[in-house]
Amino acid sequence: SSSSSSSSSSSSSSSPGLNVMKIGQSNPVAGTVTVVSVTLSFSTDVPGGSKITLTGLTGSGSTGAVSVESSSGLFDSVSVWNGGAGTLEMTVSGGGDGLASDVEYV
């Protein structure tokens, strides 16, 4: 969780291998805890241990650690957050088969 001064929004992006990316936040009020929700879907399988970096997450006042919770448990709970750059690097859990193509993961 982190604080954010940006407004609640949802956006989509496309890049090689990425079918769907939606991102939104639970609370646009600065100085409060905010849950950021991300939905990802890929056109190819993504093996366990792969790193996924989300960029453009600017406007947060959080510089400390963040936790990553996946509804499917397919991402490691430890992530690398760089509040100044607005990036979050997540790792696909190495204990499973990774992420299957054409499935939406939250």
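Annotations for the structure displayed:
- Full extension of the chain between Ser77 and Asp97 yields a length gain of 5.5 nm, computed as 0.36 nm times the residue separation minus the alpha carbon distance.
- Base-10 log of normalised Debye intensity for the range 15-106 (one unit scatterer per alpha-carbon) at q = 0.11, 0.14, 0.17 Å⁻¹: -0.31, -0.51, -0.75
- Residues whose placed amide H lies under 5 Å from that of Asp45, excluding near-sequence neighbours: Ser101
- From phi via Karplus (6.51, -1.76, 1.60), per-residue ³J(HN,Hα) for the range 94-105 in Hz, x at Gly/Pro: x, x, x, 8, x, 10, 7, 5, 6, 10, 7, 10
- Table column - 3J(HN,Hα) (Hz), the range 50-56, Karplus curve with 6.51, -1.76, 1.60, x for Gly and Pro: 5, 9, 10, 10, 9, 10, x
Just so you know, all these numbers are worked out from the coordinates, no wet-lab data involved. From a predicted model like this one, the values you see are computed outputs, not experimental measurements.
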